[in-house]
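One structure is given below, encoded as structure tokens.
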Amino acid sequence: MEIDKQEKNQGKHHLLVVDDEEVIREGMRRILSAEGYHVDTSASGRTAVEKIQEQDFDVVITDLKMPGMDGMEVLKTIKILQPEVPVVIITGYSTVDTAVEAMKNGAFDYIAKPFTSELIIDKVRKAVDYKTLAMESFSAKKKLSAGHGFDDFVGESVEMQKVYRRIMQVAPTDSTVLITGESGTGKELVARAVHKNSPRHDHPFVAVDCTSLPETLLESELFGHVKGSFTGAVHSKTGLFKVADGGTLFLDEISNISLATQAKLLRVLQERVLTPIGDTRPVPIDIRLVVATNINLLAMVAKGAFREDLFFRINVIPVNLPPLKDRKGDLPLLIHHFLRKFSGEVGKEIRGLAPDAMAVLERYSFPGNVRDWKI
């Protein structure tokens, strides 16, 4: 049975051992090969990165202290090139600080020299199990995303997982959703995902940027008007509330609408009818409203700049998007995503980032959030 197990593992799970000491490399190769793993080795961080650029691995085991590119730099590079691969750090300099730093940078586990063969086998087995589960989860998420509107999201952090779960919780309802978050965090993506997962997904999704239209035109755009109702109204116009009938209306940056338009919006939400400008006949509507803002609406309410009754009407189900600086764990995924995107656009193969470039990004605060990547 043990032979069968080894034959099954051989070639199936591909490991890379990185250590500048030959005795350590060969010792690990013998131990892990005996367990049925296919084991490759590298004597330096640089050669390890070259191999990682050329082939896929299931687990990487790397020494922390090496001349040239050390294990921490190898770890950071792996998290860009193959972010799903678990990395086990090995060091003879076992301190709490280095262990914490390695884990913060994405290490799967951390063990100190001297170590036993049993310990190495146990750590690798757990890392392989983790990789297998991670890939199954990734595959399931890709299948999910194909039908659930998550294709454009890049992020697997705890913070983004909360957002995904929240979307799936609120989407089946018909309640109004208030999406909050800084500019560039992806509020419209959330609105579209809510719509795509709702019973209204076969009906229109209409997005309105409340900052792009002057107040004099915004009311006409939202509610419509009849011919001759004001100067320049040479034709009757159907408002976007009616265009979205049966579907979802998304009002982005709702904090920018005037108090007068806020009053009319509140009436529409309460009565589910609207009256086009210049008309006296109420028009019934059936929409799901999703709104977004990067402004603290409660602070605006306190200043008298936003109606309190409207705030409570739209703040039925809040969804808050975290800024990128609070989900730095998604940096490797974002880097991998945009490297592939820009490689295709410029027609060049870009394999990864240099460690110093990665360090710059890790220190950057990303004031424009994900939108910073699209310049």
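The values are calculated or read from the model by the stated rules, or taken from the named source; none is laboratory data. Owing to the predicted nature of the structure, the values given are computational and were not obtained by experimental measurement. With ideal geometry, Cβ positions are generated from the backbone for all residues, glycine too; neighbour counts draw on all protein chains shown.
A single entry from E308, E362 fulfils the requirement of being under 18 Å from the mean Cα position of the chain (by Cα) and among the charged types (D, E, K, R): E362.
Is it the case that A260 is hydrophobic (A, V, I, L, M, F, W, C), in contact with a helix residue (DSSP H, G or I) (Cβ under 9 Å, 6 or more places away or on another chain) and over 17 Å from V290 (Cα atoms)? Yes: the conditions hold for A260. Checked against (1) of a type outside the set (A, V, I, L, M); (2) surrounded by fewer than 17 Cβ atoms within 10 Å (Cβ to Cβ); (3) modelled with pLDDT of 95 or more; (4) at negative phi, G304 passes all but a single condition, namely (4). Per the conditions (1) modelled with pLDDT of 90 or more; (2) in contact with a Pro (Cβ under 8 Å, 6 or more places away or on another chain), the sole criterion not satisfied by H336 is (1).
So which residues in region 266-287 are in contact with a Gly (Cβ under 9 Å, 6 or more places away or on another chain) and of a type in the set (D, E)? D279, D286, listed by residue number. Of the helices (runs of 4 or more DSSP H) that lie entirely inside region 183-297, those containing 1 or more residues that are free of Cβ contacts under 8 Å to residues at least 24 places away in the same chain span 215-223, 259-271. State whether the residues of region 354-368 include one that is touching a residue at least 40 places away in the same chain (Cβ under 8 Å) and of a type in the set (F, W, Y). Checking region 354-368: at least one residue is touching a residue at least 40 places away in the same chain (Cβ under 8 Å) and of a type in the set (F, W, Y). Quick check: anything in region 346-363 in a helix (DSSP H, G or I) and closer than 20 Å to A193 by Cβ? No, every residue in region 346-363 fails to be in a helix (DSSP H, G or I) and closer than 20 Å to A193 by Cβ.
For region 236-291, taking the residues that are of a type in the set (G, A, S) and more than 25 Å from P199 (Cβ to Cβ), the one that is surrounded by the most Cβ atoms within 10 Å (Cβ to Cβ) is identified as S255.
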